[in-house]
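What follows is one structure encoded as structure tokens, with my remarks underneath.
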Amino acid sequence: MTGSTLRPHSQLPEPRACPTTTGDPMACARGLLVPLLGLGLMLALSLPGSQAADCRSLGPAAHLTFAPAARARWLAPHVRAPGPLDHLYGTVRRFLSAVQLNPFPDELVRALLNEPASVKVDEVVRYEAGYVVCAVIAGLYLLVVPTAGLCFWCCHGRRHCGGPVKMERKELACERSTFMTFLLLTTFVLLIGVVCAFVTNQRVHEQTGPSAEAVPEMLLSLRGLVSNVPQELQAVAQQFSLPQKHVLKDLDGIAMSIGSTIHSQLRSTVYETLASLRSLGQDLQVSVDHLRALNTTLLKLQDRQQDLERAVSVCREQLHDLLQEPGCQGCADSLHWAGDLELGADFGQVSHVDDVLHRLKGVPEADFSSMVQEENNTFNALPLLASLQMADMVKELKKAVAQQPRGLKTLAKAFPDWEAAYRWSQALEKVENSSRPYLKEVQRYEKYRWIVGCGLCSVVLLVVICNLVGLNLGIWELSAREDPSHSGDKGRAGARVLNVGVCLSFLFAVPLILLVFSTFLVGGNVQTLVCRSWENGELYKAHFSLTHLQFADTPGNLPSFMNLSHLLGLKKNISILLAYQQCRKGAALWSVLQLNDSYDLETYLDMSQYTANLKQVIQNLTVDLENVDLLSPAGHRDLQALQSSGLGDLQYPDFLIQIQKPVVNTDMEKLAHELEGLAQTQGSSGLGKQLQQEAHRLRNLYQEKVLPQQSLVAKLNVSVRALASSTSKLQGEASSVLDRVTRLKGTLPAWATRILRNESECFLTREMGYFSQYTVWVREEVTQHIATCQPLSGALDNGRVILCDMMADPWNAFWFCMGWCTFLLVPSIIFAIKTSKYCHPIWKRLSSSSSEETQLFHIPRVTSLKL
């Protein structure tokens, strides 16, 4: 609130100036009649208005800016970049989908989670039927290939198999080309498989380290999901100090503000009343001065009237005798003038004013100008006076405001996951600490797996190399057979290289099939049981009749220690699927956990008791206006004396009648001039001289007696006319002002109290606006921003990406490529053994080079054996 501008004494309304035409100072009192008569009406209209809640003087509450209490928790998503192996990963997934045709085993998982001992082997075998078939195939491979290798070793040692072709036949070229072609194709496919195996093996090894390091990061994010909620709620409660600071700051100026408002609303009435008092005081002073002047002048006139009457009488008689002498020529007219030489006005006939003067003795006792100035200063000091009077109550108000509402004190502790947050944090911290050694072990074993994979891939690569080298040597041998100097060493070397590849294949078939099946069993189940179910929703949904229910949300599917509602102490079960979907959108725990059913936030944001305490203290604020007297006791006595003085009852018309009469009925100046004229026309010098003396005596009498009397009459005329024009209303105005001052002095405390109540309510409303802003912010902060559960969905999504995209896909692609190579070793062995026969030199063959038709009738002859 801005303080009202205090009106200084110099700004008090001045009484209207007396009309210049009359020059009557008492006429200025007429201008006070209308405001004085309307004073009571102003009070009647103003007092009810003071009860209206007009809060424009205070203004609205300022906008508060609160610091966000929610900590930024946003788990960065892990994404596998597209690459050239994506088609291979897709092929492996389709293969695994063909192997595992069964849907998500909800009954089996339920039993495994709740009662592991009740899991039946036949149910597991039924679900893993595809893997059982693959296990049978791997078993057959494990049995047949080593057995065949052993047989080949024995047969080859006895030279019953793998030896050279004994003789050249006509189908030999076709067979040789066919076996070489198939061996080349098989070797080429093996080469592709072993290259893919090398790449995927390296990819698994590269992804293991970052994936293992991401696990503690996700656990840390999940630990902070709930563990930070109490601290955030405490931060929310602590920001209650922001509206408190604003209220305390406003309380520093509330007393001055209320005092200024009271001053602002009362000043027009008080200023007009004080102006009326000052004007009335001035008029009273003027009237008393005129009355005193009237009395003094009247006494002087009465005293001098006797002397003047005697002097005029003597002069009239002497002049009458002189003008009646027989020798006086032309004195008849002047004798008439001399006969009228007598007093006109008789001031002895007017009433005395001694009684009125006696009643107004000592009036004005008060100095109305000083009194009004003092009362004006006292009234202008009302804001400071109110500040001093309300200082103790403001201190009590500050103590009440400094206290924190009871609900906010327990806001954080009463939150549903307060106790669960500790358990949640401790459990995740324990998992995080215990997982680190295991993750290190995983990285260590992964290194061993990588070495074994690289070794077996190298073995397959050696087989490929042996096949390619053997084929090249065999082809070289065939191209050099027409040369008579050819010895056949290249063919025998090629056959030996092929046989080395066959031996390696037989020798490493067992570790290869064991590695393939073990990695296949682990990676395949991860893909079909977890990753595939995660992607198509089977992990979240179980099918019961026609109803689609969330597997994790179905009662009984999860054990009690995995029940999220139980862990967080909620009264209502929540949908994990719905929670996951909401978390992916960045929703807060309030909406995800449906805390409005188990936590009544409005109870802790209830400010009614806090407001009631403030209102009770504010209602005790008071302002004492006893110091504003408006009219001092002396001034009150002056106005009462004026009321009872009878000033208005004086017979002013009697005074005016005498005043209007001349002091002497004859114009003494004119009579003296006539006498001087008569003196010049007289024949007797003695008579003329006497007439000259009488004229001179008349002039002296006029100058010495009549003129002073006329001056007193003029002075009396001013006083009488001033009193006559003002006293008829002055006493009424005095009575009216006394009544209004008395009434105003009685109503000012009540009026000020109503203004105080109105301002207090406006102040309370504005200050409650600060607390309302706080409660709105708390409601929004708690329900929409605090504890966003995006880290939960982010951790689950990152876990899926790490487990499925970064680990399972290259892992499965590795065993797929290794299995590909392992099973292709069988045809590679067959084609290598067959091809090795044709790489040896042929011991017997036909030497004739004639056509096939002539050789049928050719008589054989002995030829030398070409080695």
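The values are calculated or read from the model by the stated rules, or taken from the named source; none is laboratory data. If you're wondering where the values come from, they're calculated on a predicted model, not measured in any experiment. Don't worry about glycine lacking a Cβ; one is built from the backbone with ideal geometry, like all the others, and counts go over all protein chains shown. Only protein heavy atoms, including side chains, enter the accessible area calculation; ligands, DNA and RNA are left aside. Shrake-Rupley method; radii C 1.70, N 1.55, O 1.52, S 1.80 Å.
Annotations for the structure displayed:
- Some residue of the stretch 748-769 being in contact (Cβ under 8 Å) with a residue 40 or more places away in the chain and within 30 Å of ALA293 (Cβ to Cβ): no
- Number of the condition not met by GLY746 [criteria: (1) more than 30 Å from ALA69 (Cα to Cα); (2) buried (at least 21 other Cβ atoms within 10 Å of the Cβ)]: (2)
- Here the condition is being more than 30 Å from ILE475 (Cβ to Cβ), touching a Gly at 6+ places or on another chain (Cβ under 7 Å) and either among the charged types (D, E, K, R) or not in a helix (DSSP H, G or I) (or both); of ARG740, ARG800, it holds for ARG740 alone.
- Scanning the stretch 671-715 for residues that are free of Cβ contacts under 8 Å to residues at least 12 places away in the same chain and among the polar types (S, T, N, Q) yields GLN680, SER685, GLN693, ASN700, GLN703, SER711.
- Output for the stretch 412-426, where each listed residue is modelled with pLDDT of 70 or more and surrounded by 14 or more Cβ atoms within 10 Å (Cβ to Cβ): SER425
- Test: residue in the stretch 455-469 that is surrounded by fewer than 18 Cβ atoms within 10 Å (Cβ to Cβ), more than 28 Å from THR835 (Cα to Cα), in contact (Cβ under 8 Å) with a residue 40 or more places away in the chain and not acidic (Asp, Glu): no
- Of the helices (runs of 4 or more DSSP H) lying entirely inside the stretch 598-682, those carrying at least 3 residues that are of a type in the set (S, T, N, Q) and under 60 Å from the mean Cα position of the chain (by Cα) are 608-619.
- Residue check for GLN594: surrounded by 19 or more Cβ atoms within 10 Å (Cβ to Cβ), under 30 Å from LEU343 (Cβ atoms) and not aliphatic (A, V, I, L, M): no
- Residues within the stretch 343-389 that are closer than 30 Å to ASP624 by Cβ, open to solvent by 80 Å² or more (accessible area, probe 1.4 Å) and at pLDDT below 80, tallied: 1
- Cβ-Cβ contacts under 8 Å between residues 6 or more apart (or on different chains), taken from a first residue in the stretch 601-619 that is in contact (Cβ under 8 Å) with a residue 40 or more places away in the chain and closer than 20 Å to THR753 by Cα to a second residue that is among the acidic types (Asp, Glu) and open to solvent by less than 30 Å² (accessible area, probe 1.4 Å), are listed as LEU614/GLU767.
- When every residue of the stretch 228-236 is checked against the conditions, at least one turns out to be under 30 Å from VAL801 (Cα atoms) and touching a residue at least 24 places away in the same chain (Cβ under 8 Å).
- Residues of the stretch 186-201 that are in contact with a helix residue (DSSP H, G or I) (Cβ under 8 Å, 6 or more places away or on another chain) and of a type outside the set (Ser, Thr, Tyr): VAL189, LEU190, LEU191, GLY193, VAL194, CYS196, ALA197, PHE198, ASN201.
- Residue within the stretch 247-261 that is open to solvent by 60 Å² or more (accessible area, probe 1.4 Å), basic (Lys, Arg) and more than 30 Å from GLY732 (Cα to Cα) present: yes
- Residue tally, condition among the polar types (S, T, N, Q) and assigned to a loop (DSSP other than H, G, I, E, B), over the stretch 88-106: 2
- Selection status of LEU233, in a helix (DSSP H, G or I) and open to solvent by 10 Å² or more (accessible area, probe 1.4 Å): no
- Residue ID - least open to solvent (accessible area, probe 1.4 Å), chosen from residues in the stretch 706-739 that are modelled with pLDDT of 85 or more and among the charged types (D, E, K, R): ASP739
- A search for C-beta distances below 6 Å between a residue of the stretch 136-165 that is at pLDDT below 80 and any residue that is not in a helix (DSSP H, G or I), counting only pairs 6+ apart in sequence or on different chains, returns CYS155/CYS161; HIS156/GLY162; PRO164/HIS840; VAL165/ILE842.
- Filter result for LEU335 (more than 60 Å from the chain's Cα centre (by Cα), within 30 Å of HIS673 (Cβ to Cβ), without any contact (Cβ under 8 Å) to a residue 60 or more places away in the chain and open to solvent by less than 70 Å² (accessible area, probe 1.4 Å)): yes
- Search result, residues across the stretch 768-797 that are assigned to a helix (DSSP H, G or I) and over 16 Å from the mean Cα position of the chain (by Cα): GLN790, PRO791, LEU792, SER793, GLY794, ALA795, LEU796, ASP797
- Residue match in the stretch 81-95 (condition: at pLDDT 70 or above, under 23 Å from SER793 (Cβ atoms) and of a type in the set (Lys, Arg)): no
- Condition check for ILE786: more than 24 Å from ALA61 (Cα to Cα) and hydrophobic (A, V, I, L, M, F, W, C): yes
- Looking across the stretch 598-609, the residues that are in contact with a helix residue (DSSP H, G or I) (Cβ under 8 Å, 6 or more places away or on another chain) and open to solvent by less than 20 Å² (accessible area, probe 1.4 Å) come down to LEU601, LEU605.
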